[in-house]
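J.: Here's a structure for you.
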Amino acid sequence: MTMEDSEALGWRSVADLIGDHPDSAVALIGAPLGERSLTPGRCDLGPRAFRAVLPRFSTYDVETGRSLETRVHDAGDVALKALAPDAAFAPVRDAVAAQSGRRLTVIVGGNNAVTRPGLHGLGLEGTGLLTLDAHFDMRDTDQGLTNGNPVQALLDDGMDGSLISQIGLAPFANTKRAHDKAKAAGISVRTAGECHRTGFAEVVAQELEWLSKQVDRIYVDVDIDVIDRSQWPASPGARPGGIGVHAFFEATRAIGACPKVRAVDLTEYDPSLEVGDLGSLTAGRWFCDLLAGFEAR
């Protein structure tokens, strides 16, 4: 069905915005990386499930009375089948770099190991990192790259830890060693408890404002296991006591609206853990809010 057909029926979906739009300001890349996850799963199915749910979302936002209008260039999926994170580095980096002239590139994973090459696609120099994650992802890299160490790998690459903000870190889900390493590196650490007390969207806004003053561009890693497990069962790392989806969507709009945010990834979505279609619908709503924020720039 064409966009014109959808409009004639009174239902224009977010899927209608996505296609071959080489001149658009926003690009979408699928990064179905599934190898070397600390908890076995099927995060490689994420991009396909994400695209499949988008026709269920209208472009109209009843809260604001506005409709999404931004065309999104679909750059397709990076060929990552059976690739470990080290072998996937160059393909993901190059795919993001190819779209880096746009105002926003959205990378849908795939496990969290896509974050390191995604950020390199923007360029390490002058780029800050903001993570929404229940975990530090700072396991040692001496045993290889996994979804548990992209932040540590970026530090190993020479990234300045003072240009990294980590938000939503969960109690009893991390180690003291990882916390100590983060503090020693100068990383800004904002725990889940602090987010509940202050407001998740407010904490995200604070960190975006601070990073924007330090860097030329910002890469945002959204490990979706930051959401409370009762509202997000589709990631093995999600825990009770995480961030509520309402606050998560509000923060997503703030991220999309930040002019210095040039790339955002969504990682650790495992469709094989779906309860009903809660996971795909949450990921689809996340994308809608990201676009709505972008249109507010």
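J.: Would you tally the net charge around Glu202, using a Cβ to Cβ cut-off of less than 12 Å, leaving Glu202 out, and scoring K and R as +1, D and E as -1? Provide the component values of the computation, followed by the final result.
T.: On the way: positive: Arg190, Arg197; negative: Glu194, Glu207, Glu209, Glu250.
Cβ neighbours under 12 Å give a net charge of -2.
J.: Can you find, among Asn149, Pro91, Thr282, the residue farthest towards the positive end of the dipole of the chain? Put +1 on the C-beta of Lys and Arg, -1 on that of Asp and Glu.
T.: The residue sitting most towards the positive pole is Asn149.
J.: Angle, helix 176-185 long axis vs. longest principal axis of the chain, Cα atoms, 0 to 90°, nearest 10?
T.: 80
J.: Here's another thing I want to ask about it. Arrange the peptides 141-148, 275-282 so that the one whose residues have, on average, the most other Cβ atoms within 10 Å appears first. Let's see the in-between values first.
T.: Working: 141-148: 17.2, 275-282: 15.8.
Peptide ranking by packing, descending: 141-148, 275-282.
J.: Gly118: net charge of surrounding residues, Cβ under 9 Å, Lys/Arg +1, Asp/Glu -1, itself excluded? Kindly include the intermediate steps, with their values, before the conclusion.
T.: On the way: positive: Arg93, Arg116; negative: Asp221, Asp265.
After counting each charged neighbour, the total is 0.
J.: Quick one: helix 85-98 against the long Cα principal axis of the chain, what's the angle to the nearest 10°, folded into 0 to 90?
T.: It is inclined by approximately 50 degrees.
J.: For segment 74-148, treating each Cα as an identical point scatterer without solvent, what Debye log10 I(q)/I(0) comes out at q = 0.13, 0.20, 0.24, 0.27 1/Å?
T.: Debye output, listed in q order: -0.39, -0.94, -1.30, -1.49.
J.: Now for a different question. With 17 Å as the cut-off, how large is the P(r) tail for segment 33-84, expressed as percent of Cα-Cα pairs? The partial results should precede the final answer.
T.: Working: 743 of 1326 pairs.
Tail of P(r) above 17 Å: 56 percent of Cα pairs.
J.: Go through (1) 51, 45, 43; (2) 71, 46, 34; (3) 58, 41, 39 and flag the label whose value is the computed Cα extents along the principal axes in Å for this structure.
T.: (3)
J.: Calculate, axis by axis, the spread of Cα positions in segment 23-113 along the three principal axes, and write the results as whole Å, longest axis first.
T.: Largest to smallest, the principal-axis extents are 44, 29, 17 Å.
J.: Now for a different question. Angle, helix 245-257 long axis vs. longest principal axis of the chain, Cα atoms, 0 to 90°, nearest 10?
T.: Around 80 degrees separate the two axes.
J.: A further question on this structure: Show the residues, 5+ positions off or on another chain, whose built amide H is closer than 5 Å to the amide H of Thr105.
T.: HN-HN under 5 Å from Thr105: Ala27, Ala263, Val264.
FYI, it's all coordinate maths here, none of it is from the lab. These numbers were taken from a predicted model, which means no experiment stands behind them. Cβ: placed from backbone, ideal geometry, glycine included. Neighbour counts: every protein chain shown.
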